[in-house]
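The values are calculated or read from the model by the stated rules, or taken from the named source; none is laboratory data. All of these numbers come straight from a predicted model, not from anything done at the bench. Cβ placement follows ideal geometry from the backbone for every residue including glycine, while neighbour counts extend to all protein chains displayed.
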């Protein structure tokens, strides 16, 4: 499908050049379509990026949920690993998430309904873990809303990590995640 080809090629270009430095003509050339073909699917490359980001989030959610069965052994650690995996995924796609100077501006320009949709997806994941763990008596308490916020806050912190002393960031970041999970999840 043309739309999938556009997303695939744009994602590769975004990983190399970042969002702002990638042109629509580069995307269309790599996808083998005309610029008019691009505009029949997307208004601009930011809209394309949001869709790629949404697909990427679906993939991250799938990854987290693939470990649900083994999470019974250690719910705390599984939640921690899901959050860390999400951040390490950003490091893997550094040009998009960490080197893009306008990433926070781009994220903040998203439509409110897209932000709501993202939060709903994370809520569904957290609730899936919660229900799974409660049925198996693995946990006694879990504040799902706060843990959804933790995922979003951790991502924002990781995107902005360049503002911190790199020597201290990982330790402080890990402590923040661990202490937050300890507060909102009781085994």
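So the values come out like this:
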| read-out | value |
| --- | --- |
| In the stretch 15-35, residue surrounded by the most Cβ atoms within 10 Å (Cβ to Cβ) [restricted to those that are at pLDDT below 90 and closer than 15 Å to residue 52 by Cβ] | 19 |
| Tally, over the stretch 45-55, of residues that are surrounded by fewer than 17 Cβ atoms within 10 Å (Cβ to Cβ) and closer than 19 Å to residue 125 by Cα | 2 |
| Filter result for the condition that a residue is in contact (Cβ under 8 Å) with a residue 60 or more places away in the chain and over 15 Å from the mean Cα position of the chain (by Cα), over 34, 71 | 71 |
| Residue in the stretch 103-124 that is under 17 Å from residue 84 (Cα atoms) and under 14 Å from the mean Cα position of the chain (by Cα) present | yes |
| Residues satisfying the stated conditions in the stretch 36-54, i.e. at pLDDT 90 or above, within 16 Å of residue 13 (Cβ to Cβ) and out of contact with any helix residue (DSSP H, G or I) (no Cβ under 7 Å at 6 or more places or on another chain) | 44, 47 |
| Condition met for residue 176 (modelled with pLDDT of 90 or more, surrounded by fewer than 17 Cβ atoms within 10 Å (Cβ to Cβ) and within 27 Å of residue 71 (Cβ to Cβ)) | yes |
